[in-house]
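Taking it in order: structure first as structure tokens, then the write-up.
The values are calculated or read from the model by the stated rules, or taken from the named source; none is laboratory data. Small disclaimer: the values here were computed from a predicted structure and weren't measured. All Cβ positions, glycine included, derive from the backbone under ideal geometry; neighbour counts span all protein chains shown.
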Amino acid sequence: MLAKLFELFIPGIEVIIIAIMLYWIMSFFWNTRAMDLIFGLLAFLALFAFSTWFHLPVIQKLMLYFVNVAVIALLIIFQPELRLTLSRLSVRGKKFREVTEFDHFLDNITQCVYRLASKRIGAIILLENQDTLEEYAQKAVRLNARFSPELLETIFNTTSPLHDGAVIIRGNSIIAAATILPLADDNTQIHRSMGTRHRAGLGISQATDALIIVVSEENGKVSIAREGMMTRGVKIDRFKGIIRSIFNPPKITKANKGLKTLEEMKQWPA
């Protein structure tokens, strides 16, 4: 009797679980570039249902072929978001999750970059990776200061003598400001709305493996350049996902090899 009664509630339980999952997915991707993808997926499902209802076999077959390719493409394009989403599915829950120094750095630089973007203050920031940027830092204004969002915003303030140039960040330290960078020779990715900062960001991304953040003073959009490719209009969640996927755990730069102590490395997430 109880088993039959439970079977009656199974469809309702499944509907509630699916609704919770859909709500979680929508809340995570809302107001992001991935939200356009979800709307496109819903339109695709609607078209598929339409072709099934009216018995259109050619359209159905074409759409099935498209799905096989689209799934792989989406996994590649949205790898940072997927990695960040899966990392949030912690069994222990958020209140038990360790907040590391890297998490603080990521939150601070994200807030700083998007505050600059909201004020339409131009900026170009280099996050050093494996390739050392010491060659460019030597020709700039050396700071060797601990990173803080206040300091970074002060540097790019238009009244500051250091605002015209790039800032180099190594680990959690701002090592140089007013850095002059090489401009990109390949103009195929340069849009008319892009200025010298974007060309410089592309140029240094072609020469090193650094991650370059560019804030446009024309439209307030945030762009990220890496390995000779530039992504424009990056939203906050994708911004965090890209940085975390590259620097978590952060790599030891060539300039710092042998200088990192065990205590310093413990400050970063494993």
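Name the single residue, out of those in the stretch 192-229 being among the basic types (Lys, Arg) and more than 20 Å from LEU133 (Cα to Cα), that is farthest from the chain's Cα centre (by Cα).
Filtering the stretch 192-229 down to residues among the basic types (Lys, Arg) leaves 192, 197, 199, 221, 226.
Still in the list and also more than 20 Å from LEU133 (Cα to Cα): 192, 221.
On the way: ARG192: 24, LYS221: 14 Å.
Filtering first and then ranking leaves ARG192.
Is it fair to say LEU45 is surrounded by 10 or more Cβ atoms within 10 Å (Cβ to Cβ) and either at pLDDT 75 or above or in the same structural domain as ASP237 (by TED's automatic domain parsing) (or both)? It is true that LEU45 is surrounded by 10 or more Cβ atoms within 10 Å (Cβ to Cβ) and either at pLDDT 75 or above or in the same structural domain as ASP237 (by TED's automatic domain parsing) (or both). In the stretch 126-181, of all residues being among the charged types (D, E, K, R) and within 18 Å of ILE246 (Cβ to Cβ), the one that is nearest to the chain's Cα centre (by Cα) corresponds to GLU128. Just to be sure I understand, how many residues within the stretch 182-214 are of a type in the set (Val, Ile, Thr) and either at pLDDT below 90 or in contact with a Lys or Arg (Cβ under 8 Å, 6 or more places away or on another chain) (or both)? Adding up the residues that qualify gives 5. If you go through the stretch 48-94 and keep only what is more than 15 Å from GLY241 (Cα to Cα), loosely packed, with under 10 Cβ neighbours inside 10 Å and modelled with pLDDT under 65, you end up with VAL91, ARG92, GLY93, LYS94.
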